[in-house]
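> One structure, pasted below without further comment.
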Amino acid sequence: MHFELKRDLLTIGAIVLSSLVMAVNLNTFVLTGDLYPGGVTGLTVLIQRSARMFLGLHLPYTPVNLLLNAIPIYIGFRYIGRKFTLYSCLCIVLTAMLTDIMPSYVITYDILLISVFGGVINGLAVSLCLLADATTGGTDFIAVYISQRKGIDSWNIILCFNIVILLIAGALFGWEISLYSMIFQYVSIQTLHLLYKKYQRTSLLIVTNKADEVCQAIFTASQHGATILTGEGSFGHRERKLVYSVVSSDESKKVIHAVKKEDPEAFVNAIRTEELSGRFYQRHME
């Protein structure tokens with residue numbers, strides 16, 4: 001019970017920090033550069049600007065954003081996990097409220113710097129939320145859903161969706177800001193790939209004399225199995241065992257540490273896996 005409470009408090013703390021960073025980024029870099037941040041947030045900004053330009057209406061951010069998040073939230077509850085979705089809802093509401101109440105602040109007017117550093121900060125905020133087993137809402141729900149169902153890293157698919165939104169924005173309001181917004185989105189996704197590796201895969205090739213113990217260490221650390229192959233060393237021509245396993249990239253360091261603890265003399269080669277077909281255990285969200 002104590003462990004669960006501590007984990008929940010850490011998750012809430014990470015969500016609050018992520019929401020704060022996201023709101024600051026929206027009210028500084030995104031607002032100053034007049035950028036479109038992509039996803040449901042970008043769609044919200046696009047609707048706000050369209051209403052202001054074509055209808056003379058000043059729509060508040062919060063109700064529009066919450067309305068657009070309704071379908072992704074349903075997907076989260078139905079297919080991903082209730083606790084995960086509730087935490088994500090907390091992030092959505094906090095981000096929306098903080099965005100409305102926090103004052104804007106100009107750091108720089110250089111649109112290229114805004115696009116690059118704003119993208120880095122956005123990717124950092126999203127990654128922090130995902131590492132806490134929540135999302136910032138919107139298309140992040142869809143990305144997690146696709147990743148769990150298909151066993152792939154689907155963030156590039158979301159990038160394509162965001163580019164469609166930006167093409168619409170370019171057609172309505174001009175191409176220069178739309179193109180800079182694409183830079184913002186690309187940098188954000190690359191930052192996310194760097195920091196959040198749950199849906200990336202790493203192949204481990206381990207040469208060891210303690211194959212059974214190493215396989216058990218892999219399973220204990222990651223719930224993944226392994227295959228034992230028999231080989232021969234080229235120098236001493238002695239029989240060696242080769243353990244082959246595929247784990248999530250975010251677990252690879254923990255697994256390698258467990259393997260080295262079991263057999264300090266093990267030779268471990270970690271290789272990034274681009275494509276995987278077959279059964280692969282993936283921990284589901286709560």
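> At what distance in angstrom do the alpha carbon centres of region 203-269 and region 1-56 lie from each other?
After rounding, the separation between the Cα centres reads 42 Å.
> Can you list which of the DSSP-assigned H helices in the chain have a Cα extent of 18 Å or more along the long axis and an average Kyte-Doolittle score of at least 1.6?
Numbers: long enough: 2-25 (34 Å, 1.00); 82-101 (28 Å, 1.19); 111-131 (29 Å, 2.37); 155-173 (26 Å, 2.38); 175-195 (30 Å, 0.82).
Correct list, ordered by number: 111-131, 155-173.
> Once the other residues with Cβ under 11 Å from the Cβ of Gly76 are scored (Lys, Arg +1; Asp, Glu -1), what is the net sum?
Every neighbour counted, the sum reads +2.
> Additional query: Taking the Cα-to-Cβ direction at Gln223 and at Leu57 and moving 7 Å from each Cα, how far apart do the two end points lie in nm?
Going from the Gln223 label point to the Leu57 one covers 4.6 nm.
> Moving on to the next point. Taking a point 7 angstrom from the Cα of Arg7 along the C-beta vector, which residues in region 69-87 have backbone N less than 12 Å away?
Flagged as within label range: 84.
> Compare the Cα positions of Thr32, Leu67, Val45 along the charge dipole of the chain (+1 at Cβ of Lys, Arg; -1 at Cβ of Asp, Glu; about the Cα centre) and return the one farthest towards the positive end.
Leu67
> May I ask you to compute the full-extension gain from Val93 to Ser203, defined as 0.36 nm times their residue separation minus their alpha-carbon distance, rounded to one decimal in nm?
On the way: separation 110, 0.36 × 110 = 39.60 nm, distance 3.90 nm.
Stretched fully, the Val93-Ser203 segment lengthens by 35.7 nm.
> Related question: Hey, got the dipole for the chain? About the Cα centre, +1 on K and R Cβ, -1 on D and E Cβ, debye to the nearest 20? List each step's numbers first, then the result.
Details: 23 positive and 21 negative charges, 92 e Å.
The calculated dipole for the chain is roughly 440 debye.
> A further question follows. Rounded, prolate or oblate: which one fits region 7-90, using the alpha carbon gyration tensor with axes a ≥ b ≥ c (rounded when a/c is under 1.5, else prolate when a/b beats b/c, else oblate)? Mind showing how you got there, number by number?
Numbers: a/c = 2.94, a/b = 1.55, b/c = 1.90.
Oblate.
> Over the chain, with a Gaussian network built from C-alpha contacts below 10 Å, which listed residue (Leu26, Leu68, Leu35) shows the highest mean-square fluctuation?
Leu68
> Next question. Percent relative contact order of the chain, based on C-alpha pairs within less than 8 angstrom and at least six residues apart?
On the way: 438 pairs, mean separation 59.2, N = 286.
Relative contact order for the chain comes out at 21 percent.
> From the residues Gly225, Leu10, Ile256, which one has its Cα farthest along the dipole of the chain in the positive direction, the dipole being from +1 and -1 charges on Cβ of Lys/Arg and Asp/Glu about the Cα centre?
Result: Gly225.
> Something else about it: Got the relative contact order for region 186-279 handy, in percent, Cα pairs under 8 Å and 6 or more residues apart? Spell out each step's value before the answer.
Details: 148 pairs, mean separation 37.5, N = 94.
This gives 40 percent for region 186-279.
> Can you work out the FRET efficiency for the pair Phe235 and Ile152, with r the C-beta to C-beta distance and R0 = 35 Å, to the nearest 0.05? Intermediate results must be reported in sequence, preceding the final value.
Values: r = 40 Å, r/R0 = 1.15.
After rounding to 0.05, the efficiency reads 0.30.
> When the helix-only estimate is applied to the chain (DSSP H runs of n ≥ 4, each -39,500 (n - 2.57), divided by the residue count), what is the mean residue ellipticity at 222 nm, nearest 500 deg cm²/dmol? Let's see the in-between values first.
Details: 11 runs with 166 residues, N = 286.
So the helix-based figure for the chain works out to -19000 deg cm²/dmol.
> How would you order 52-58, 254-260 from highest to lowest mean count of nearby Cβ atoms within 10 Å? Each step should come with its number before you reach the end.
Numbers: 52-58: 9.4, 254-260: 18.3.
Final packing ranking: 254-260, 52-58.
> Take the eigenvalues of the Cα gyration tensor for the chain, scale each by 5, and report the square roots as semi-axes in whole Å, largest first.
Values: eigenvalues 369, 81, 52 Å².
In descending order, the three semi-axes are 43, 20, 16 Å.
Since every read-out is calculated from the coordinates, none of them should be taken as a lab result. Just so we're clear, the structure is a prediction, and the values are computed from it rather than from any experiment. Neighbour counts are summed over all protein chains in view; Cβ atoms, including those assigned to glycine, are modelled from backbone coordinates with ideal geometry.
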